[in-house]
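The values are calculated or read from the model by the stated rules, or taken from the named source; none is laboratory data. None of the values given here were measured: they were computed from a predicted structure. Quick reminder, even Gly has a Cβ in these numbers, built from the backbone with ideal geometry, and neighbours come from all protein chains shown. Accessible surface areas use protein heavy atoms only, side chains included; no ligands, DNA or RNA. Shrake-Rupley method; radii C 1.70, N 1.55, O 1.52, S 1.80 Å.
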Amino acid sequence: MSTTHPFDGVHDELAARAPKAHTPKTFTLSLDLLKRFFRMRADKGVARIGLVGVFFTILFLLIIGRLSMLALAPDAPSDFHRTATAAILSARPDIVDRNGTILATDVRTVSIFAEPRNIIDKDEATELLTAVLPDLNARELREKLSTGKGFVWVKREITPKQQAEVYRLGIPGVGFLPENKRVYPNGPLGSHVLGFANIDNQGIAGIEKYIDGQGLQALAGAGLARTADDLKPVALSLDLRAEQAVRDELVKGMEHFKAKSAAAAILDVNTGEVISLVSLPDFDPNNPVEALDPNRINRMTVGVFEMGSTFKALTTAMALDSGKVNINSTFDARFPLAYGRFRIHDYHGTHRILTVPEIFLHSSNIGTARMALAVGVEGHKAFLKKMGQLDRMRTELPESAEPIVPAKWGELNTITISYGHGLAVAPLQAAAAVCALVNGGTFVRPTFLKRTPDEVQATALRVIKPETSEALRYVMRLNAEKGSARFTDKLAPGYFIGGKTGTADKVINGRYAKNKNFTTFMAIVPADKPKYLFVTIYDEPQGLPETYGFSTAAWNGGVTTGKIIARVAPLLGLPPRFTPPVTPFPIMTRLGAWGTR
């Protein structure tokens, strides 16, 4: 017996009236294609599996390649990456003296950095760090940590003990970065030549700055200078042994003569190499803040001074080399030289007619001025230009000064410049010119780097004739035997010294001060065949009872130079000769120059 539901008819009616579901034709075709593609048939299964395998193999290769690219070439560096890379890669080459002794080197150290974005509790971090590092300024540190930067320095160049203490704090966002710190194991020795590097290991002055200018930063940026071992040491011309001896004698001399400042240098007359350079007061490059004191400038290259009678060597060479004067020429020094309202006098006048060697020996302003006038204004300017006295001296040291040259140069300027007044130059600049006068007549630009003979030949410039050079060596030796350099000769027996003193009144407020001197002494060793030139300067040395109240160069610069020669010459391979050379100046002897008979 069947039972009929009372609503069965209604359901059928509603179903008949309901709209039929519509399936898009495109969707139906897609489903059909997928069904056919994935339908496993024996004849097509293997090919389809192989195709899927190739697809996934390519996909995995792309992923691996992308990961490799990320590992080898990360995204553009952040501030942190740039700072960290610069710190790590800023290694500097060792600087050594001519014998290989270390003058400057890098040591590995550690610095603390912070990532403010990753530090949650800035106050706690500040409190903890300042407790371990009490020299930190808490307010400044809190301000650093409050910035939105990704990287800030907390403290540079910490000790291992400090690193361990900070590490134990365990502050998230605080870490350590290895760095290179520049150290100078010899303290102030050679400081004005070396210069110094800042806390980022960048050269700021001296040879350190020169090194940066030779492409060091480019090498660091390319990752080719991670340690000093990656770089060839920079060999200087300095001899540390000579540097120490020169500084020692200069410190004692500056104190003894109560001078405001002092400086000294030794040059190889044939190569132009600076064997020693000391300028006092100096500084310790390990504490470069001392170098900011303007009284600690390098007086040999940055200071410009009127060189006094040492310039008479240049005037004498100029006159002899011009052909207008010979070694036996005479000049009238009986009376002052009048020029307009000016009168040129001699410091120790002889009041007679003098030969060229006598003019040099007695340091006659009158005779020297007359020789300069014989050459003429234009000839005088051209000679000084050739000798490098009218232009800024260029060496590896970035610090140098422009000479003070008269704006209008007339006969009166030639007169005063002939004996070292009215033209201000750097002492090393004047010393380089005197080297050319005594080395046979070739000008070689001074250098602070070790120089080979081939490099010398490539840069040497003939400026005077060889016979003129012999004449200058002769008159300088004559001055050591009978003139103002005899004190120096006695302090260094056996070295056959030649020398010239120079004393100039200082210019104070535009006027010459009679009681304030700038003294210079230049010596060549040995005079018959010079190897080295020694120069010593004092700024405002005082007269002493033992100097009879005199403060001129012979009594101070000459004395100090003699002591330096006696100490340094043996170190440089120059033993004393107690038997003088038989014919040290053959041309002068043949010409019968005054003093040879």
(message) Out of the residues in segment 412-442 meeting the condition of being β-branched (Val, Ile, Thr) and open to solvent by less than 10 Å² (accessible area, probe 1.4 Å), tell me which one is farthest from GLU402 (Cα to Cα).
(response) VAL438
(request) State which residue is most open to solvent (accessible area, probe 1.4 Å) when the search covers only segment 313-333 and only residues that are among the hydroxyl-bearing types (Ser, Thr, Tyr) and within 16 Å of HIS380 (Cβ to Cβ). (result) SER322
(message) Exactly one condition in (1) over 23 Å from VAL304 (Cβ atoms); (2) open to solvent by 10 Å² or more (accessible area, probe 1.4 Å) is false for ALA527; which is it?
(response) (2)
(message) With the requirement that a residue be open to solvent by less than 20 Å² (accessible area, probe 1.4 Å), among the hydrophobic types (A, V, I, L, M, F, W, C) and within 18 Å of VAL96 (Cβ to Cβ), what does segment 174-203 give you?
(response) VAL193, LEU194, ALA197
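Among the residues of segment 573-596, what is the count of those that are hydrophobic (A, V, I, L, M, F, W, C), open to solvent by 80 Å² or more (accessible area, probe 1.4 Å) and at pLDDT 95 or above? Break it down stepwise before answering.
So in segment 573-596, the residues hydrophobic (A, V, I, L, M, F, W, C) come out as 574, 578, 582, 585, 587-588, 591, 593-594.
With open to solvent by 80 Å² or more (accessible area, probe 1.4 Å) added as a condition, the list becomes 578, 582, 591, 594.
Of the ones still in play, those that are also at pLDDT 95 or above are 591, 594.
The total comes to 2.
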(request) May I ask you to say which residue of VAL302, VAL269, VAL289 is touching a residue at least 60 places away in the same chain (Cβ under 8 Å), under 30 Å from ILE199 (Cβ atoms) and aliphatic (A, V, I, L, M)? (result) VAL302
(message) Condition check: open to solvent by 30 Å² or more (accessible area, probe 1.4 Å), touching a residue at least 40 places away in the same chain (Cβ under 8 Å), part of a loop (DSSP other than H, G, I, E, B) and not hydrophobic (A, V, I, L, M, F, W, C). Does ARG473 satisfy that?
(response) no
(request) Consider only pairs whose beta carbons are under 8 Å apart and that are at least six residues apart or on different chains; among these, list those whose first residue lies in segment 119-136 and is at pLDDT 90 or above and whose second residue is of a type in the set (Asp, Glu). (result) VAL132/GLU165
(request) Please give the number of the condition GLU124 fails out of (1) within 14 Å of GLY173 (Cα to Cα); (2) in contact with a helix residue (DSSP H, G or I) (Cβ under 6 Å, 6 or more places away or on another chain). (result) (2)
(request) Looking only at segment 255-274, count how many residues are over 24 Å from ARG182 (Cβ atoms), surrounded by 20 or more Cβ atoms within 10 Å (Cβ to Cβ) and either acidic (Asp, Glu) or touching a Ser or Thr at 6+ places or on another chain (Cβ under 7 Å) (or both). (result) 7
(message) If ARG462 satisfies all but one of (1) open to solvent by 30 Å² or more (accessible area, probe 1.4 Å); (2) closer than 24 Å to ASP239 by Cα, what's the number of the condition it fails?
(response) (2)
(message) Here are the criteria: (1) without any contact (Cβ under 8 Å) to a residue 40 or more places away in the chain; (2) buried (at least 17 other Cβ atoms within 10 Å of the Cβ); (3) under 16 Å from PHE496 (Cα atoms). Tell me which single one ASN517 does not satisfy.
(response) (3)
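Going through LYS450, LYS490 one at a time, which residue ends up being in contact (Cβ under 8 Å) with a residue 40 or more places away in the chain, out of contact with any strand residue (DSSP E or B) (no Cβ under 6 Å at 6 or more places or on another chain) and among the charged types (D, E, K, R)?
LYS490
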(request) Scan segment 396-422 and report the pairs whose first residue is among the β-branched types (Val, Ile, Thr) and whose second residue is modelled with pLDDT under 95 and surrounded by fewer than 18 Cβ atoms within 10 Å (Cβ to Cβ), with Cβ atoms within less than 9 Å and a gap of 6+ or a chain change. (result) ILE415/TYR339; ILE415/PHE342; THR416/PHE342
(request) Give just the number: which of (1) modelled with pLDDT of 95 or more; (2) closer than 26 Å to GLY420 by Cα; (3) of a type outside the set (Gly, Ala, Ser); (4) touching a helix residue (DSSP H, G or I) at 6+ places or on another chain (Cβ under 8 Å) does PHE487 not satisfy? (result) (1)
(request) Would you please name the residue that is least open to solvent (accessible area, probe 1.4 Å), looking only at residues in segment 230-254 that are of a type in the set (Asp, Glu) and farther than 25 Å from GLU540 by Cα? (result) ASP239
(request) Kindly check whether there is at least one residue in segment 291-299 that is within 30 Å of ASP200 (Cα to Cα), surrounded by 15 or more Cβ atoms within 10 Å (Cβ to Cβ) and of a type in the set (A, V, I, L, M). (result) yes
